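Report on the structure given below.
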Amino acid sequence: MDMPDHEDHQSLTAILAALRASPDALPWHQRVEIVEGLHDRLASPTVALTAQALVELLVSDPKPEVRQAVAKLLPLLPDEVYSRLRPRLEQDDNALVRRSAERAVEKRQRAERLSAEVLFGIDHVHEQLKAIGNRYGEPATRQAWRLCERYSELLVGSMLHDLRSILTHLKSSAKSLLAEELVGTAGKSSSKRLREDIEHLERTVADMEQFAEPLEIQKGRENLLTLVRAAHDMAVSSVHANGEADAATVEVRIDIPERITVDVARHHVVAALANAIKNAYEAFASPLARTDGRRITITALEADAGVEMRIGDNGIGFSQEEAKAVLPLTPGRRNKTKRNSTGYGLPNAMRKIKAHGGTMTLESNEGCGTTVIIRLPASAGGPNA
């Protein structure tokens, strides 16, 4: 059975205090197991800071086996911790530690290069769309963008059959493996990680299926406040199930006049709003997020052109570099600050809103929070309206 987050935090805190008092408080092989067990904890909003403190303490451990285990964690560390620990491990007296550090740095740099290549590709697409608009006008740009979106949907759909097959066999094999008794900190950590990875893959495949499915829009007149409340309940259930953030620590303010109604397909819009609200809750999952005064505000105003909704949080927000990846809402672009992110949540939401003739955009400032802005026309038409 997995340790509850608060017990996990207490356990790591006790270990940290003991090792600070005496580096030999635990046998060296147990210290290795502790470091190996930090892999998932470095991404946990509850214990990440304590896990990072342990890593920084054990980088100076007298046993090279412990320092070697620390070196293998370099790809997972926040930038500021990584910058401090990398030179120490690369200059370690032990050759095995240095070699492990070099491999870990190469792994991290490969991931950074891949991310940069994807961002370059996104920028190139937007430049080409802008060039089309300059030459042929805005209608041509919209048509080209719809073709890009349709190609993305077809590409995702073409991968789903193989992914489902792989997932089925993987779950069967993992079930047999997890039935065996795994002992020690490393064994229990590996077991927990395997279960979490399979659950994450299931969520990713489900979100991909949602992205690739045809949208049938059968509209009816709906009360917006009722839709928002249903979406909020759905978002809280999802956040609770994923364990990404503690919804009970967040104050939610909903300011939507009872009179506002919208012409929409209820289940699609509820799902879209739930994704946006869930994203707001997850803004508090990062260890860097504020611990008090957490707030989500949901508002709506009527205008001649329709209804404008704002779903805002005062979480960590995005840096300019992160915004380049997140704000285009490209499907599959995971938010690294959220361990359960599939990269399809907000793209799925935007797709459903656009199918109603609406728009969805994001505004974000690092350290101040993020606002999702959703606009629905007065008489919601399809994407070609």
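The values are calculated or read from the model by the stated rules, or taken from the named source; none is laboratory data. Being a predicted model, the structure only gives us computed values, none of them experimental. Cβ atoms come from the backbone with ideal geometry, glycine included; neighbour counts cover every protein chain shown. We work out accessible area using only protein heavy atoms, side chains counted, and drop any ligands, DNA or RNA first. Shrake-Rupley method; radii C 1.70, N 1.55, O 1.52, S 1.80 Å.
Within the stretch 37-51, identify whether any single residue is charged (D, E, K, R) and modelled with pLDDT under 90, and answer yes or no.
Yes, that holds for at least one residue.
Quickly run through the stretch 282-296 and pick out the residues that are under 22 Å from ALA43 (Cβ atoms) and more than 11 Å from the chain's Cα centre (by Cα).
The answer is PHE284, PRO287, LEU288, ALA289, ARG290, THR291, ARG294.
If you scan the stretch 294-310, which residues turn out to be assigned to a loop (DSSP other than H, G, I, E, B), surrounded by fewer than 18 Cβ atoms within 10 Å (Cβ to Cβ) and of a type outside the set (A, V, I, L, M)?
Residue satisfying the conditions is ASP304 alone.
Give the residues of the stretch 355-370 that are surrounded by fewer than 21 Cβ atoms within 10 Å (Cβ to Cβ) and more than 15 Å from ARG142 (Cβ to Cβ), sorted by residue number.
THR361, LEU362, GLU363, ASN365, GLU366, GLY367, CYS368
Kindly evaluate ALA280 against the criterion of being open to solvent by less than 20 Å² (accessible area, probe 1.4 Å), within 20 Å of HIS356 (Cα to Cα) and either assigned to a helix (DSSP H, G or I) or touching a strand residue (DSSP E or B) at 6+ places or on another chain (Cβ under 7 Å) (or both).
No, not satisfied.
Check whether at least one residue in the stretch 173-181 is modelled with pLDDT under 85 and under 30 Å from ARG253 (Cα atoms), and report yes or no.
No, every residue in the stretch 173-181 fails to be modelled with pLDDT under 85 and under 30 Å from ARG253 (Cα atoms).
Give me the residue from the stretch 123-163 that is charged (D, E, K, R) and open to solvent by less than 50 Å² (accessible area, probe 1.4 Å) and, out of that set, farthest from ALA206 (Cα to Cα).
GLU149
In the stretch 13-77, which helices (runs of 4 or more DSSP H) lie fully inside it and hold 2 or more residues that are buried (at least 17 other Cβ atoms within 10 Å of the Cβ), among the charged types (D, E, K, R) and in contact (Cβ under 8 Å) with a residue 12 or more places away in the chain?
28-36, 38-41
Name the residue that is farthest from LEU346 (Cα to Cα), counting only residues in the stretch 223-246 that are over 15 Å from the mean Cα position of the chain (by Cα) and among the polar types (S, T, N, Q).
ASN223
Regarding LYS352, is this residue open to solvent by less than 10 Å² (accessible area, probe 1.4 Å), under 27 Å from CYS148 (Cα atoms) and either within 21 Å of the chain's Cα centre (by Cα) or modelled with pLDDT of 90 or more (or both)?
It is true that LYS352 is open to solvent by less than 10 Å² (accessible area, probe 1.4 Å), under 27 Å from CYS148 (Cα atoms) and either within 21 Å of the chain's Cα centre (by Cα) or modelled with pLDDT of 90 or more (or both).
Yes or no: SER100 surrounded by 11 or more Cβ atoms within 10 Å (Cβ to Cβ), closer than 24 Å to ASP40 by Cα, touching a residue at least 40 places away in the same chain (Cβ under 8 Å) and hydroxyl-bearing (Ser, Thr, Tyr)?
no
Against the conditions (1) modelled with pLDDT under 85; (2) more than 16 Å from the chain's Cα centre (by Cα), where does SER341 fall short? Just the number, please.
(2)
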